């Protein structure tokens, strides 16, 4: 009964650990891809998508045509509201 750990034992153990970590990371990435839903778009993205001026976006906010949230100084617009408002853009 030899309780000594050989280099080969350590090599096999390290390969086993690396394989387990890869599985965990891959599962986390797959789960992350499934749960990403961009329901809220940043104002910069909306301006580029719809070719709008900041004043036009402010008008949409004030009139309540599009739901928005202000988070740390940046406005986020509801994607569904924008699609309903502007149709196929």
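General remarks:
- Scanning segment 76-89 for residues that are over 15 Å from residue 38 (Cβ atoms), surrounded by 10 or more Cβ atoms within 10 Å (Cβ to Cβ) and in contact with a helix residue (DSSP H, G or I) (Cβ under 9 Å, 6 or more places away or on another chain) yields 85, 86.
- Taken over segment 58-84, the residue count meeting the criterion of being at pLDDT 90 or above and in a helix (DSSP H, G or I) is 4.
The values are calculated or read from the model by the stated rules, or taken from the named source; none is laboratory data. Since this is a predicted model, take the numbers as computed values, not measurements. Here Cβ is always computed from backbone atoms with ideal geometry, including for glycine, and neighbour counts include all displayed protein chains.
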